[in-house]
Amino acid sequence: MRGNVHFVVLYQRFELLGDLEQFIIIYSFGTHTAKYTFYKFCGKTSFYTPGQHPNGIAVTLACLDPRTFSHVEIHNFENAVI
């Protein structure tokens, strides 16, 4: 619903540049496996730790500088609960 097109990278390969940690808030609930990261001032979720991949970081595609990559391939799927 929120249009979160993301990809998961291994936690060891993720690097937050600069001193941005002072600007983020991490929220979790339930099992505390998933960790939702929000920027304090604008509320954007540019990356987070997904519950299904706790050893990775999900990076939101729309928050990346398009000059830093040359190709994106999107595969649509349905994750329906019946």
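Net length available on complete extension from residue 44 to residue 71 is 7.4 nm, with 0.36 nm assigned per residue and the Cα-Cα distance removed. With 0.36 nm allotted per residue and the present C-alpha distance subtracted, the residue 62-residue 25 stretch has 11.4 nm of extension available. A protection proxy built from the mean count of other Cβ atoms within 10 Å ranks the segments 64-71, 9-16, 42-49, most packed first, as 42-49, 9-16, 64-71.
With viscosity set to 1.002 mPa s at 20 °C, what whole-number translational diffusion coefficient in µm²/s follows for region 6-68 from Stokes-Einstein and a Kirkwood radius over Cα pairs? Show your work: numbers first, answer last.
On the way: Rh = 12.3 Å.
D = 174 µm²/s.
Each value in this text was obtained by applying a stated rule to the coordinates, not by laboratory testing. Keep in mind that this is a model prediction, so the values were computed, not measured. Here the Cβ is made from the backbone with ideal geometry for all residues, glycine too, and neighbour counts use every protein chain on show.
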